Each structure stands twice: as C-alpha cells, then as structure tokens.
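Presented below is the structure to which this report refers.
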Amino acid sequence: MSKYFMLQDQQKCIGCHACEIQCKSHKGLPNGPNPCQIIPVGPQMINDLPRASFIFMPCFHCENPWCVSACPTGAMKRRSKDGIVFVDHNLCVGCKTCITACPWGAPQWNPEIGKVVKCDYCMNRIDEGLKPACVTTCLTHCLNFGQTEHMPLIKRERYAKAMAASKGAAIHD
C-alpha cells in the first residue's frame, strides 16, 4: 500500500472541478487527460429535493498496480520509498497498455506528447514537503492528503463533528 492516501469528504464537495483544473495547470496538460477526476452521481431526490454528489477519483497507487506490470518498457513505475505510482516519460512509448490494464482509468492519454500521464500525487511537491496541487486549491477543503495511517483519525474527527452538528441542529428544532 502507498504511504500516502487521498481522502474526500463527499459532504463538502460541490463539484466545482477546481482540483481538476489545478492538476492540469500544475502538470501543463491540454484538454483531454484528467489525472484526477470529479465524477457526478445523481441527482437523487433527498427530502423531496434533487441533490447531486461528487466522487473524487485520483489514482489509487495500488500495492500491486496492474498498470506497472502491464507496461512493456518499464515506464510505469512504483516508488519503493512511498508506493507512489508514476510514469517515466523517458521510457514511455505511448503503447497505451497501462490504460487498458488499469480498472480505474487512472492512466490517461496525452495526445500532445503521445504519452500517458497519471496522478502521481504531485510527487515533486511531496518531495518538497508540500501537498498535491489539487488539495491546496480545493475551495471547500473536502480533500485531505496524508500518510495512510493518519486517515482513519481524520475520518473519525470528521464523523464526530458531523454528529455534534446534527445533535446541535436537533436541539434547536
């Protein structure tokens, strides 16, 4: 498993796509490839009102990534120090085998360079002690990034705040 994990609070996400835009800007990508994607779900009727939710889909940086094992040139790699899966563009020949191998659609085709791109958690930023670009630009702060072992604590804190808020709202009703 990767040393890092990206966690989305779907209750806070408004589907603004700022994360996608910042990712593309940071990586200098053209129209087309989206290393992180916002997937709309819905609308669904909740309390007789239409509501949509949004799922953030980056690369999951699998422990045994199919894209890495499928790559015939070794361009798709997994860093041993932290488990980040990335593309070495010097080795990529644009065969798209990794795109076919990934069940999540993480590797994306970049027609401008004729090679594959994917979410690498902005590993250049991580190596500098910074967070991924998508996290830093999230307008509602629904994206959390950190070490895998800290994510359950963030989820518990978020749940406790939501429960406290709902109890407070019930008292005022």
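The values are calculated or read from the model by the stated rules, or taken from the named source; none is laboratory data. These figures come from a predicted structure and were not determined experimentally. Cβ coordinates were reconstructed from backbone atoms using ideal geometry, including for glycine residues, and neighbour counts include every protein chain displayed. Accessible surface is based on the protein model in full, side chains and every heavy atom, while ligands, DNA and RNA are left aside. Shrake-Rupley method; radii C 1.70, N 1.55, O 1.52, S 1.80 Å.
Key figures for this structure:
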{"quantity": "Among 90, 38, 13 - extreme Cα towards positive end, dipole of the chain, charges at beta-carbon", "calculated": "90"}
{"quantity": "Accessible surface of the chain [probe 1.4 Å, protein heavy atoms]: carbon and sulfur percent", "calculated": "56 percent"}
{"quantity": "With Cα atoms, 0 to 90° folded angle of helix 18-27 axis to the chain main axis", "calculated": "20 degrees"}
{"quantity": "Listed residues 76, 45, 123, most fluctuating in the chain (Gaussian network, C-alpha, under 10 Å)", "calculated": "45"}
{"quantity": "Two-decimal log10 I(q)/I(0) for segment 1-49, as the Debye equation yields it once each C-alpha is a single scatterer, q = 0.19, 0.21, 0.25 Å⁻¹", "calculated": "-0.81, -0.90, -1.06"}
{"quantity": "Positive-end residue, the chain charge dipole about Cα centroid, Cβ charges, pick of 26, 100, 148", "calculated": "148"}
{"quantity": "Per-residue ³J(HN,Hα) for segment 79-87, Karplus 6.51 cos²θ - 1.76 cosθ + 1.60, θ = phi - 60°, Hz, x for Gly and Pro", "calculated": "5, 6, 6, 9, x, 6, 9, 8, 10"}
{"quantity": "Label of the coordinate-derived value, volume of the Cα convex hull per residue in Å³, listed as [x] 130; [y] 101; [z] 160", "calculated": "[x]"}
{"quantity": "222 nm mean residue ellipticity, helices alone, for the chain (DSSP H n ≥ 4; -39,500 (n - 2.57); rounded to 500)", "calculated": "-8500 deg cm²/dmol"}
{"quantity": "Accessible area per residue in Å² at 1.4 Å probe, computed on segment 4-164", "calculated": "56 Å²"}
{"quantity": "Enclosed volume per residue, in Å³, of the convex hull spanned by Cα atoms of segment 1-102", "calculated": "134 Å³"}
{"quantity": "Cα-Cα over 18 Å, subset of 24/96; 12/161; 24/77; 3/24", "calculated": "24/96; 24/77; 3/24"}
{"quantity": "Test item: Cα-centred dipole of the chain, Lys/Arg +1 and Asp/Glu -1 on Cβ, debye", "calculated": "160 debye"}
{"quantity": "Gaussian network model of the chain, springs between alpha carbon atoms under 10 Å - residue of 70, 133, 106 with greatest fluctuation", "calculated": "70"}
